Every structure is written in C-alpha cells, then in structure tokens.
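First up is the structure itself, then whatever we jot down about it.
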C-alpha cells in the first residue's frame, strides 16, 4: 500500500501500452493518414481509448455522444465496444474531418453505428432532441467550450451514465503558476474542473492517464 504515486517512466508507459491497450493496425494507419492530410496529431492516447472502452463495457453502453471528432480515433475505438444496434453520435465543426471520419468508419464496418454530424457544438445542442438518453458523453474539443458543453449535455445523459472530458490536466500545466502561450486554454480547463468537481449531479474523479480524463457518473 502506498499513499504516494508511482512515476510513469517511458519504460512503464511502453509496458502499459503493450499489455493494456487495443490499438491495432487500422487505428495506427488512421493516425498516419490523418497526419498526412494535415489533421493535428492531438487525439486521445491508446491508453485512454482502452480505458473508455472498459467503461463502456462496465455500464453496458448502447448510446454515446462525442463532442470533437478530429480524425475519428476515439469515435472508432468507442464504437467498436458498442452492440450492433448501438449508436455513436460525434459532432465535428471541420467539414474535411467529417468526410475523413465517415470514410474511415465505413472502412472499419462501423457506418451503421457512427453518425458524424458537421456542426458547431453550441448550435448542435440548440436543436438536438434525441428519443433516448446517452450512456456516455465524451468531450474532447475546444477547451473554452467545456463548461457550456457540460451544462448543455448533462440533460441528455441517463442516470448512472458517464460524462468524460479529455485534457483535464491541461497539457501538464493545470497546477502551474506561470503559464505560457496556452494560458487561455489552461484557464478554461481549470474553470471546467472546478465546475465539474462541484456539480451536485455528478460523482466525479480525475484519472491521470494521457493528459487526464475528468470522469463523472450522473447521480
């Protein structure tokens, strides 16, 4: 038993990736193809993808909402864990990314599960009225929008459902006093973490994998 923490060295990081992640050749190639098209290499880590997949299985998830698609790495990773009649709605503002992810979803046989919506997230929430509640909502988009995305999406999450947000450690700068050029993003994440941790409708935690996942279960 230890009340301290274990430093994640490069050797330990490689060990975890080798033993406890599910990244395959398709996902690896997806990342490479996305990079060749100029899509930023800022997706969640393989460890985070595996952890989210684990959570989806634990809660027997059928419906997932994702805000911020990027190249589809997280969407495809999560959709693979859903039943054949499941649905993953992912919202992305950049049209070229939407087209890329739709193509990759089809290549992976997930076109009937993944629905990619080309929209600004704020506008999406204004008009989206699903006939079901989501089991998991995952946010990995512009950090300044995190608080709004939480407040707008929580009503769409079922009781016992999971809300998760990436970059809860703000690129490693969450606790720094002197910030660099990323100060607006770090400040936004700090605000989100405060709101998230104090939300009376959530039992929350912060999991220190990747750049940190803020995780909360709806009460």
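Just so you know, all these numbers are worked out from the coordinates, no wet-lab data involved. Not measured: the values here are computed from a predicted model. Note: ideal-geometry Cβ built from the backbone for every residue, glycine included; neighbour counts use all protein chains shown.
Highest GNM mean-square fluctuation among 63, 149, 128, for the chain modelled with Cα contacts below 10 Å: 128. Summary of the geometry: segment 77-91 and segment 157-177, compared by the centres of their Cα atoms, lie 21 Å apart.
Can you tell me the length gained on complete extension of the stretch residue 115 to residue 57, counting 0.36 nm per residue apart and subtracting the Cα distance?
Numbers: separation 58, 0.36 × 58 = 20.88 nm, distance 2.02 nm.
Answer, rounded to one decimal: 18.9 nm.
Result for the chain in a Gaussian network model with C-alpha springs under 10 Å: among 161, 86, 109, the largest mean-square fluctuation is at 109. For percent of Cα pairs over 32 Å apart, the listed values are (i) 10; (ii) 14; (iii) 24; which was obtained by calculation from the structure presented? Label of the calculated value: (ii). At a Förster radius of 30 Å, what calculated FRET efficiency corresponds to the Cβ-Cβ distance of residue 24 and residue 144, to the nearest 0.05? Efficiency, from the Cβ-Cβ distance: 0.35. Using 0.36 nm per residue and subtracting the Cα-Cα separation, the extra length available between residue 151 and residue 11 on full extension is 46.5 nm. With a Förster radius of 22 Å applied to the C-beta separation of residue 33 and residue 174, the computed FRET efficiency comes to 0.10. Potential lengthening of the chain between residue 95 and residue 181 amounts to 28.2 nm, from the contour at 0.36 nm per residue minus the alpha-carbon distance.
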